[in-house]
Amino acid sequence: MMDSTTKDAPRRGGLEVWSPSAMPPLGADLTDEQALACSFRVLAREGFAENMAGHITWQRPGGTRMLVNPWGLWWAELTASDVCEVDEDANVTAGRWDVTPAIHIHTELHRARPDARVVVHNHPYHVCVLAALGVLPELVHQTGSMYLDEMVFVREYAGEVDSPRLAAELAGQIGSAKVAVLGNHGVIVTGTDLVEATYRAASFDRACRLAYDVLVTERDPLRMPRGAMTGMKASLIERAAEVYWRGAVRSLIRDEPEVLG
């Protein structure tokens, strides 16, 4: 029988343990705009999007400009040709449409966090349930391991974040966290690339739903050993994220090929 010291010892995981020798391909060569449009629709299909609310910004390597969705389109209807580009001060530099001032949430977080190349923000329902309760989700399933030591709760609600000053204050409250639950508001998820950020965001509302369903039973959940969660976290980000992305995009393009247009 393992003692607590053994259980808490970090387990190895991810590519350090196993790397696939071959994987089913995505099946399409996507432009950056097409890939981002796919991310919007994938998350909409997962229930992450509250219709017209929210943004995903992608600050590609070597630059400060960001690809982003325009104001006026639901995530579920966005296509590659709808994607806009903004500079680091939120000025639209390419695209057919306008971008809401809420984009400052993203520009200021990108400015403060060089690691946050992709920033996802929206108001998924089960996240908002916990945001209304003022709590972070308890990690009660192995997929939740990817959020170990990565979450912060931002309690203060002051209405729309629609200026660089308010957005910079929010970025300061988020700090280095990769997931920020915003009280009475929604969630911000960051990633080093589009694949990682999409997978992390897609899984987070489910993690919140599980946590809430366990919470309302008023029973104590089984606790996962921290050491085991450490290894699982690496495996989820380094291996599962790519598999999720490829499967989700293949399914999306098969069902909604117009997303690439």
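The values are calculated or read from the model by the stated rules, or taken from the named source; none is laboratory data. Bear in mind the structure is a predicted one, so any value in this text is a computation, not a measurement. Heads up, the Cβs are rebuilt from the backbone with ideal geometry, glycines too, and the neighbour counts pull from every protein chain shown. For accessibility, only protein heavy atoms count, side chains too; no ligands or nucleic acids. Shrake-Rupley method; radii C 1.70, N 1.55, O 1.52, S 1.80 Å.
General observations
- Axial C-alpha extent at least 27 Å, average Kyte-Doolittle at least -0.5 - helices from the chain (DSSP): 194-215
- Projecting label points 7 angstrom from Cα along Cα→Cβ for Ala112 and Asp87 puts them 2.3 nm apart.
- At most 16 other Cβ within 10 Å, DSSP loop - GluC sites (Glu not before Pro), segment 164-261: Glu218
- Highest-MSF residue in the chain out of Ser176, Ser203, Ser251 [GNM, Cα springs under 10 Å]: Ser251
- Nonpolar atom fraction for segment 201-261, defined as the carbon and sulfur part of the 1.4 Å probe accessible area, stands at 54 percent.
- Choice from Val181, Val152, Val17 with maximal GNM fluctuation in the chain (Cα, 10 Å cutoff): Val17
- Counted by Cβ distance under 9 Å from Val83, the other residues give a net charge of -4, where Lys and Arg count +1 and Asp and Glu count -1.
- Euclidean distance between Cα centres, segment 28-53 to segment 83-132, Å: 14
- Alpha carbon centroid spacing (whole Å) that separates segment 147-214 from segment 224-261: 19
- Going through (1) 1.18; (2) 1.01; (3) 0.97, the figure that equals Cα Rg over 2.2 N^0.38 Å as computed for the structure here is (2).
- For segment 104-239, the Kirkwood radius over C-alpha pairs fed into Stokes-Einstein at 20 °C and 1.002 mPa s yields D = 141 µm² per second.
- Surface exposure of the chain, expressed per residue as accessible area with a 1.4 Å probe, stands at 49 Å².
- Within the chain, longest stretch clear of exposed trypsin sites (Lys or Arg not before Pro) (DSSP loop, no more than 13 other Cβ within 10 Å): 13-95
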